[in-house]
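The values are calculated or read from the model by the stated rules, or taken from the named source; none is laboratory data. A quick note: this is a predicted structure, and the numbers were derived from the prediction, not measured. Glycine gets a Cβ as well: all are built from the backbone with ideal geometry, and neighbour counts include every protein chain shown. Accessible surface is based on the protein model in full, side chains and every heavy atom, while ligands, DNA and RNA are left aside. Shrake-Rupley method; radii C 1.70, N 1.55, O 1.52, S 1.80 Å.
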Amino acid sequence: MKASSRKRGGLIICIFSFEMPDTLRQKGQRRLLIEELARKYEFDPEVLKAMERVPRHLFVDKGLEHMAYKDKPLPIAARQTISQPYTVAMQTHLLDCQKRDKVLEIGTGCGYQAAVLMAMGFHVYSIERIRELYILAQKNLVNSGFDPSGLFYGDGFSGLSQFAPFKGILVTCGAPGIPVRLKEQLSINGKMVIPVGHNEQRMLRITRTGQDDYKTEDFGAYQFVPMLGGIQK
Ligand code: SAH
């Protein structure tokens, strides 16, 4: 907030101007990014609409704001990354959920993907194992007009059994395998979108087809930071 004062006929008038958090220029850049994504893949139009509503520049470091609307992953705090917009669009698309569905994200990071899920109208829970990022994501979500109450600080390998079952589980870190406790927290017909592998991951979609039955689909190679056990203070 900037304040300036002018003296006029003995009266001091204070003029406060709030810095625009989302300028026309940034909205324009975001529109171009969405058009670029639409050319790259036939995403669900709802996904692109949701991404157009989330100001990605408010989720990256100030010094990287000019890069926010490039289709690129960027570094965030604690040596983690904000996913590439294409990847965010793809994971949200593959999740295939409807408004008001309960969705769990593992790996909140800076909170950008969580905001996109909220903009889709899902009921969002998200877990982050690094305390600094859990706090950063809360701040970023509030800053950009989203509700941070579904964020949790903890180990995503355990999921959130107290809120299960979930219609969708979206994992944004490279998992060594399919975490059993997450699979168990899917509703019947629920889907988990999870990158699995070490240096490079396969984007898998696991659908719970019955109480003990799951179907697996493979959507190609991606690269994520690793999913690690335990919490970091
Ligand atoms: N969803 C983020 C991506 C963040 S990168 C976005 O919108 O861009 C992946 C995140 O997963 C990192 O912040 C990392 O700390 C977190 N992570 C890794 N292992 C985890 C675990 N077991 N539980 C919760 N978060 C985890």
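A few comments on the model shown:
- Some residue of segment 44-53 being more than 16 Å from the ligand (Cβ to nearest atom) and over 25 Å from Ile106 (Cα atoms): no
- The one condition in (1) open to solvent by 60 Å² or more (accessible area, probe 1.4 Å); (2) in contact with a Lys or Arg (Cβ under 8 Å, 6 or more places away or on another chain); (3) modelled with pLDDT of 95 or more that Lys233 fails to fulfil: (3)
- Any hit, segment 63-73, residues being at pLDDT 95 or above, over 30 Å from Ile188 (Cα atoms) and hydroxyl-bearing (Ser, Thr, Tyr): yes
- Selection count, segment 35-45, where residues are surrounded by 16 or more Cβ atoms within 10 Å (Cβ to Cβ) and not in a loop (DSSP other than H, G, I, E, B): 1
- Scanning segment 164-182 for residues that are open to solvent by 60 Å² or more (accessible area, probe 1.4 Å) and either in contact with an Asp or Glu (Cβ under 8 Å, 6 or more places away or on another chain) or not β-branched (Val, Ile, Thr) (or both) yields Pro165, Lys167, Pro176, Arg181.
- Contacts under 8 angstrom Cβ, first residue in segment 91-105 being closer than 21 Å to Ala221 by Cβ, partner of a type in the set (S, T, N, Q), 6 or more apart: Gln91/Ser83; Gln91/Gln113; Gln91/Thr172; Thr92/Gln113
- Listing of helices (runs of 4 or more DSSP H) fully contained in segment 85-189 that carry 2 or more residues being within 9 Å of the ligand (Cβ to nearest atom) and closer than 18 Å to Leu58 by Cβ: 112-119, 131-143
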